[in-house]
Each structure stands twice: as C-alpha cells, then as structure tokens.
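Below is one structure; the comments refer to it alone.
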Amino acid sequence: MAKGRELVGRIKTTENMRKITRTMEMVATSKMKRASDRVAAARPYATALGDVISSLFNADLAERFPLLRQPATEQRAAVLLITANRGLCGGFNANLIKEARHTLAALADKDVQVDLHVVGRKGIGFFRYTGHDLTSARTDISDRPTAEDAASLVDGLMAQFTSGAIDSLYVIHSKFNSVLSTPPHTDRVLPVAAPTRAGAGRDYLLYPSADAILTELLPSYVRNAVYRALVETAAAEQAARRTAMKSATDNAGEMLNLLRRTYNRARQANITQEIAEIVGGAAALQG
Amino acid sequence: MLKVSVVSPEATLYEGEATSVVAPAFDGEVGILPSHAPMITVLGRGTLRVDGAAPARFAVSGGFVQVVDDVVRVVTEHATKA
C-alpha cells in the first residue's frame, strides 16, 4: 500500500500547514482590530486640524506660505511609497507597487524628475531588483507607526519643498475603507491643498495672528497626512493578511477532504482486492 | 459647562465636560470659562489643566486651542497625561 503511505504523509503535511495559516489568520485578526482602532483614533485630530485650517484659509494667505505654493511647473517630484515589511498578505504589496509604477510612469510622461522614497522591505526589494535608484529606504517603521515616524519621514521633504528643491510630494499608501476594501491610493500631499468646508466663516479671536497660526499648523497638517497614510497602510496590511490566510486555511481544508477521500478509497480498494485474492485462493484449493 | 476634548494624532486623550480650562498659550496661560468668545490660539509648552467633574492635567507642547460655542478643542502633536 505504497500510495496509501504517501497519502498519509500528504494529509499530515496539509494538516500542519492549515494549523499555521489558521494561527496567522487569528494573529492578523487581532492585530487588525488594534490597527483599525488606531485609524479611528487618528480621525478627530485630522478633523480638528482640517476645520481650523479651512476656517483660517483664504486666497491671499496662500501666496505667503511656502507649503501652499503652487509651483508653475513641476520639474522634480518626490514619491513616498509605503509598503509592508512582511509578505504573506496576498496581493497587498504587489498592488501598492503596481500603483507606484503607474504614478512613476505618469510623472515620467510629464518629464518630471522623481525622487523615490520607499518604506517597507517589500517595496525596497522590488525597486532594488528592478535597478531603480532609491533616494531613501526605511525598514524601521513597525506595524504600529507613531506620529514621530511620520515626522521623521516628511520633515526633510517639507524642507526640500520649502527651499524649492522639489515641486510636489506624492504619497502612495493603502486606504483602509473596510476590512474587505483596502485599495492602493496616491495622495498629493505637497503643495498642501487647503481643505475647504462650507460654514467655516466664524469670527475667531486669533492669537497671535492668522499667519502665525497657519505657520504652526500647516506642517502639522502635512505630518498628519503622512501619519494617517502609515496607520491606514498598517491596518490594511493586517486586513489583507487575514483575508489571504483565511483563504489559505479554507483551501487547505478542501485539499484535506480530497486527500482523505482518495486515501479511504485506495484503502477500501486494497481490502476488496485482498478479500478477492483470498476467496480466489481458497476456491482454487478446494477445486 | 464646557465640552472639552484633548486630541493628539494618535488618540483622543480626554473627552468630557468641565467648568474651566487653563491652557499654556504661546505667550502665557489662557483661562477659558463658559461663554468664551470664539477663539483660536497657538499653544506653547506647559501644563494644560481641565477642571470640573473629571479634572485632568496634561503636559503639552505646540498645537492650538479652538473655542467655539462652549466647545473647547485642544489639538496638539505632543501631549501626555500627567
């Protein structure tokens, strides 16, 4: 029963594999829960900041703030791609990389020089492999990104934008719409598109002045945009991993059913054959 | 009563009602009582005090306070509960 022995081995392997994928699914589920809580916790800050900036913003101010400057021509752009450090999360990293390549191609079509900054081992690995020059590569951002991580990523880029070294900044990340919808997305973070909201026209007492407040808040607004991109991507990664591991677990289950059925059929056939042989043998002796 | 919330990028640190708020503005402390005029002011570094049923202290640095219709929002990048 050589085939049976082989099948027993495969059944065991598949069982072990299913155990691992199921564990990973459960780990990702609990990590995703915490990560999506962080996405939700980041919302009030973003809302408050957006509210205040939109109520202070007017077209005259735009001319005076370097971060609001709309460059006449786009000559050099920075692209910040956020990917995961780890794989085994389905098409998550591949989708982000695909989005990045679209964005890079679109910028190249417009003859824009691009500085590519990549976060996460997977994105770095891909662009190194294709021989692309990376201006910076970061792998030290964990799956619980902090506001400091965002600041360390974007502060240098803001300075470059202010000095005119770059004309725009694009951030490519995953949006965390829901567990099942985490599409890759390109955001233009610089120059800052001031949020405009209706009904913002309250007369505030402003201390020290609208200019001073905006000077303080615009960098926070940019940092927050990057922070949100980081937390949403972290949550989306766990969601993608959960989905991938769930389908791997389901597939392992299906394969196990098939293997067990095949094994049992082979075993039965074997027994039937042995009985037939014994009966045949006995009949031959009697005859 | 004032409706007070203290938010940082990572979390909402405080949410509740208070009778007064003392915030470390860029040029000294600013006290906020109910019926305050709408105001936005930049914060410096110091202690934020929220007094009322659930008093709390926070060390803050930077950010701003927005007061409108007895709703006080303290929005700061660096805040820790003291």
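The values are calculated or read from the model by the stated rules, or taken from the named source; none is laboratory data. These figures come from a predicted structure and were not determined experimentally. Glycine gets a Cβ as well: all are built from the backbone with ideal geometry, and neighbour counts include every protein chain shown.
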Test set (1) within 14 Å of chain B (Cβ to nearest Cβ); (2) part of a loop (DSSP other than H, G, I, E, B) - A:Pro195 fails condition number
(1)
If I ask for residues that are modelled with pLDDT of 85 or more and buried (at least 21 other Cβ atoms within 10 Å of the Cβ), which ones from region A:54-81 would you list?
A:Ala77, A:Ala78, A:Val79, A:Leu80, A:Leu81
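One line per residue, one yes/no per condition, for (1) of a type in the set (D, E, K, R); (2) part of a helix (DSSP H, G or I):
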| position | (1), (2) |
| --- | --- |
| A:Ile11 | no, yes |
| A:Asn16 | no, yes |
| A:Ala35 | no, yes |
| A:Arg38 | yes, yes |
| A:Leu88 | no, no |
Going through region A:209-239 one residue at a time, which ones are more than 11 Å from A:Ala147 (Cα to Cα) and either outside any helix (DSSP H, G or I) or of a type in the set (Ser, Thr, Tyr) (or both)?
A:Ser209, A:Thr215, A:Tyr221, A:Thr233
Between A:Leu116, A:Leu157, which is surrounded by 17 or more Cβ atoms within 10 Å (Cβ to Cβ) and in a helix (DSSP H, G or I)?
A:Leu157
Taking region A:207-227, which residues are within 27 Å of B:Asp69 (Cβ to Cβ) and buried (at least 19 other Cβ atoms within 10 Å of the Cβ)?
A:Ile213, A:Leu214, A:Leu217, A:Leu218, A:Ser220, A:Tyr221, A:Asn224
Quick one: what pairs do we get from region A:162-188, first residue closer than 16 Å to A:Gly123 by Cα and of a type in the set (Lys, Arg), second modelled with pLDDT under 90 and assigned to a loop (DSSP other than H, G, I, E, B), C-beta under 9 Å, 6+ apart or different chains?
none
Go through A:Thr73, A:Thr83 for me and flag whichever is within 23 Å of A:Pro184 (Cβ to Cβ), hydroxyl-bearing (Ser, Thr, Tyr) and in contact (Cβ under 8 Å) with a residue 12 or more places away in the chain.
A:Thr83
Of the residues in region B:1-14, those that are more than 9 Å from chain A (Cβ to nearest Cβ), in contact with a Ser or Thr (Cβ under 8 Å, 6 or more places away or on another chain) and closer than 15 Å to B:Gln66 by Cβ come to B:Leu2, B:Val6, B:Tyr14
Considering region A:119-144, residues that are part of a loop (DSSP other than H, G, I, E, B) and buried (at least 17 other Cβ atoms within 10 Å of the Cβ), and then whichever is modelled with the lowest pLDDT, we arrive at A:Asp143
Considering every residue within region A:86-102, establish whether at least one is over 25 Å from the mean Cα position of the chain (by Cα) and in contact (Cβ under 8 Å) with a residue 40 or more places away in the chain.
no
By residue number, the members of region B:15-50 that are more than 7 Å from every other protein chain (Cβ to nearest Cβ) and of a type in the set (Ser, Thr, Tyr) are B:Thr19, B:Ser20, B:Ser35, B:Thr47
Restricting attention to region B:51-68, the residues that are surrounded by 15 or more Cβ atoms within 10 Å (Cβ to Cβ), among the small types (Gly, Ala, Ser), under 19 Å from A:Leu206 (Cα atoms) and more than 9 Å from every other protein chain (Cβ to nearest Cβ) number exactly 0
Run A:Val179 past the list (1) closer than 28 Å to A:Asp37 by Cα; (2) modelled with pLDDT of 90 or more; (3) surrounded by 16 or more Cβ atoms within 10 Å (Cβ to Cβ) and report the number of the one that doesn't hold.
(2)
Residues A:Ala42, A:Ala62, A:Ala48, A:Ala78: which one is touching an Asp or Glu at 6+ places or on another chain (Cβ under 8 Å) and assigned to a helix (DSSP H, G or I)?
A:Ala42
Being surrounded by fewer than 18 Cβ atoms within 10 Å (Cβ to Cβ), part of a strand (DSSP E or B), charged (D, E, K, R) and in contact (Cβ under 8 Å) with a residue 12 or more places away in the chain is the filter here, so list the residues in region B:1-50 that pass it.
B:Lys3, B:Glu17, B:Glu29, B:Arg45
